[in-house]
Amino acid sequence: MKYIEELLEEELKSTASVLGYTDANFAVTTCTLPIADYQTSGCMSLAKTYHKSPFDIASEIASNMKSIVADKVEACRPGYINITISHEFLSKYLVEFMENYENDTKSRATHYKTIIDYGGANVAKPLHVGHLRTANIGESLKRICRFVGCETIGDVHLGDWGLQMGLVITEIKHNHPDLVYFDDNFAGKYPKEPPITIDDLNTLYPTAREKSKDDENYLNEAKQATYYLQQGKRGYVALWKQIVDVSKKDLKKNYDMLNVDFDLWLGESDAQSDSEKMVKFFVDNGYAKKSEGALIVDIKHDDDKKEMPPFMLVKSDGAILYSTTDLATLYDRVTRQKAERVIYVVDNRQELHFTQLFRVCNDYPVFEKKPKLDFAGFGTINGKDGKPYKTRDGKAMSLEILINAVKESARKHTDDTNIADSVAISALKFADLSILRTKDYICDPDKICAFDGKTGPYLLYSLTRAKSILRKVLGENNLVVNDFDSSYCNKDLLLAFTQFEKAILEAYDTLSPNILCDYAYKIANIFNSNYSKTNISKEENKAKQTALLYETSCLVLLLEKTLNLLAIKTLDKM
Ligand code: ARG
């Protein structure tokens, strides 16, 4: 199905061509003033070519246009054409639109087999505030990519392989040196039960990290443990696996609460063998060079305006690093998992790292067919003081603390704690997603939980209200409508419904869930502005009641779909 704008463009163009204006180009947009539905400024450029006033051309086209879409076509100074569309057309169009938008959206999008790298949690470290945005944005992008028809895989890309693992192992060893994992002569089976709980884990890493700052011997011990682990030392690997399992279980619980889930739970550790392969590839082909003991790859371009540090493959102590595992992971994604596109949803502060990674892949023949690589960076979540959320002692604040603060705010609105908790999560998710992805924002628990304004609770409330109207009139019955009279409805709302496809495609093209937040808010807002004026259940004019019910049911459907694409759970009652 064509967009209404496209249909109007065609009609304008053919009218113009009959009148002798052959190279006309009419971009139609929604009218900015409440005097019409659509407008075009296409006559402005014609004026130059045909040496006439734009208003004269606009008048000529307006009075000659035969349209199946428009009711009224008017020239407007200095040379606009304003268009009001007919109710007859709109009613038919919307019914057809509601049937076709899903397939149409798919056929309008460019498709790739896509892997989305988001979440990025680290084993043994609790999720902190910074992990919220990647989870929310990534989950939404995954749903959007799927909706437009891309085969899409979400991968959490766990940080499970660095020094943090060596630190935790070292701290466990200091506390319990007699555990079998540390007995080099032990050849039996390691116990099934992990020697630590999630609560232990939450204190082990911070303790170890503090110690390693003041105590060089301790730090060296942790580095050594990391090295042994990466070399496959039996006891260390067994202990590491148990740490990863305990941590994963806890992470899954938290992601579940956020309505976020991953198809793959791969981690940096899974890239170990490909890392070796990548190093060999760059060395054997002479692409890598030694620099102060490290192995690096030059990725400078002649036209670089800023300093571009080399891509590091191996550190001077022989260990591979974050960049190596990312290169190896990408290698796996492209060659084995056949990804044509990889989207990284990572903090803006890692942009340089990804620029380097993308250059290594584009400037050297790592892949036969180069994948499309996107860095979907995001800004930080700040506290009320405008600074990144930190605990009092300057550490990154755990996500749990923020979530609890938001839950507390939500409980001010309702006594039902279950509802309050769901509302809180939706509030947090909506606030997080509605900000332009690349921007920092201030997260104020009370503001984001408000029931009015552009908030999650407002949208949930609008939806439950619309649903309750339908329930009241229809009971459990479905509404079947093949035809309705749109003149009984709010025209702006119906026109906004027809913009749904555009909103999704724009969100997809720019990897911006905030566009869907704007859309959801827009339709909810128009709907609510009407709601108080109409009483659908008591309406005696059947044609009017049907039209209003249809309008309400479209709202429910599209709002629910939009919230679902944002991975925001809806409620049946509030
Ligand atoms: N674990 C990392 C962190 O917490 C994020 C990982 C992002 N993804 C990636 N492929 N590097 O900073």
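FYI, it's all coordinate maths here, none of it is from the lab. All values derive from a computational prediction rather than experimental measurement. Glycine gets a Cβ as well: all are built from the backbone with ideal geometry, and neighbour counts include every protein chain shown.
Let me have the relative contact order for segment 1-96, percent, based on Cα pairs under 8 Å that are six or more residues apart.
For segment 1-96, the relative contact order is 24 percent.
Restricting to DSSP H runs of at least four residues, report the calculated mean residue ellipticity at 222 nm for the chain, -39500 (n - 2.57) per run over all residues, nearest 500 deg cm²/dmol.
Values: 20 runs with 299 residues, N = 574.
Per the formula, -17000 deg cm²/dmol.
Counting 0.36 nm for each residue step from ASN285 to GLU408 and taking away their Cα separation leaves a gain of 38.4 nm.
Using a Förster distance of 56 Å, how high is the FRET efficiency between LYS395 and ALA27, based on the Cβ-Cβ distance and rounded to 0.05? Numbers along the way, then the final one.
Values: r = 52 Å, r/R0 = 0.92.
After rounding, the FRET efficiency stands at 0.60.
Length available on full extension from MET308 to ASP178: 0.36 nm per residue minus the Cα-Cα distance, which gives 41.9 nm.
Applying a 4.7 Å Cβ-Cβ cutoff to the chain, the cysteines left without a disulfide-compatible partner are CYS31, CYS43, CYS76, CYS361, CYS443, CYS449, CYS489, CYS517, CYS554.
With each label modelled as a point 7 angstrom along the Cα→C-beta vector, the ASP298-SER273 pair spans 3.4 nm. Counting neighbouring Cβ atoms within 10 Å and putting the fewest first, the residues LEU399, LEU12 line up as LEU399, LEU12. All other residues with a Cβ under 11 Å from the Cβ of MET574 taken together, and with Lys, Arg as +1 and Asp, Glu as -1, what is their net charge? Its environment carries a net charge of +1. Ranking of LYS502, LYS429 by neighbouring Cβ atoms within 10 Å, starting from the fewest: LYS502, LYS429.
I need to check one value: relative contact order of the chain, counting alpha carbon pairs closer than 8 Å and at least 6 residues apart, in percent. Show your work: numbers first, answer last.
Numbers: 889 pairs, mean separation 80.2, N = 574.
14 percent.
Taking the C-alpha atoms only, the angle from helix 234-257 to the longest principal axis of the chain is near 20 degrees. The spacing between segment 491-531 and segment 359-417, judged by their C-alpha centroids, is 25 Å.
Once the Cα atoms of helix 542-565 and of the chain are each reduced to a long axis, what angle between those two axes, in degrees from 0 to 90 to the nearest 10, is obtained? That works out to roughly 20 degrees.
How much length would be gained if the chain were fully extended between GLU99 and THR197, taking 0.36 nm per residue of separation minus their Cα-Cα distance, in nm to one decimal?
Values: separation 98, 0.36 × 98 = 35.28 nm, distance 5.15 nm.
Gain on extension, GLU99 to THR197, equals 30.1 nm.
The modelled label-to-label distance between LEU264 and GLN337, using points 7 Å beyond Cα along the C-beta direction, is 0.2 nm. With the cut-off at 1.5 for a/c, could you classify segment 460-574 from its C-alpha gyration tensor as rounded, prolate or oblate? Prolate.
Using the count of nearby Cβ atoms within 10 Å as a rough guide to exposure, how do ARG234, ARG437, ARG465 rank from fewest to most? Display every interim value, and only then the final one.
Details: ARG234 13, ARG437 20, ARG465 17.
If I rank by nearby Cβ atoms, fewest first, I get ARG234, ARG465, ARG437.
Taken about its Cα centre, the chain carries a charge dipole of roughly 340 debye when the Cβ of each Lys and Arg holds +1 and the Cβ of each Asp and Glu holds -1. Net charge of the neighbourhood of GLY166, taken over other residues with C-beta under 9 Å away and scored Lys/Arg +1, Asp/Glu -1, is 0.
Counting alpha carbon pairs within less than 8 Å and at least 6 residues apart, what relative contact order, in whole percent, applies to segment 374-475?
Working: 106 pairs, mean separation 30.4, N = 102.
Relative contact order for segment 374-475 comes out at 30 percent.
Provide the net charge surrounding ILE442, with neighbours chosen by a C-beta distance below 15 Å and charges set as Lys +1, Arg +1, Asp -1, Glu -1. Provide the component values of the computation, followed by the final result.
Details: positive: ARG133, LYS384, LYS387, LYS390, LYS439, LYS447, LYS454; negative: ASP385, ASP432, ASP440, ASP444, ASP446.
Around ILE442, the charge tally is +2.
In segment 54-71, which residues have a backbone nitrogen under 20 Å from the label point lying 7 Å from SER487's Cα in the Cα-to-Cβ direction? Output list for this probe position: 67-71. Packing, as the average of other Cβ atoms within 10 Å across residues, places the peptides 309-316, 418-425 in the order 418-425, 309-316, highest first.
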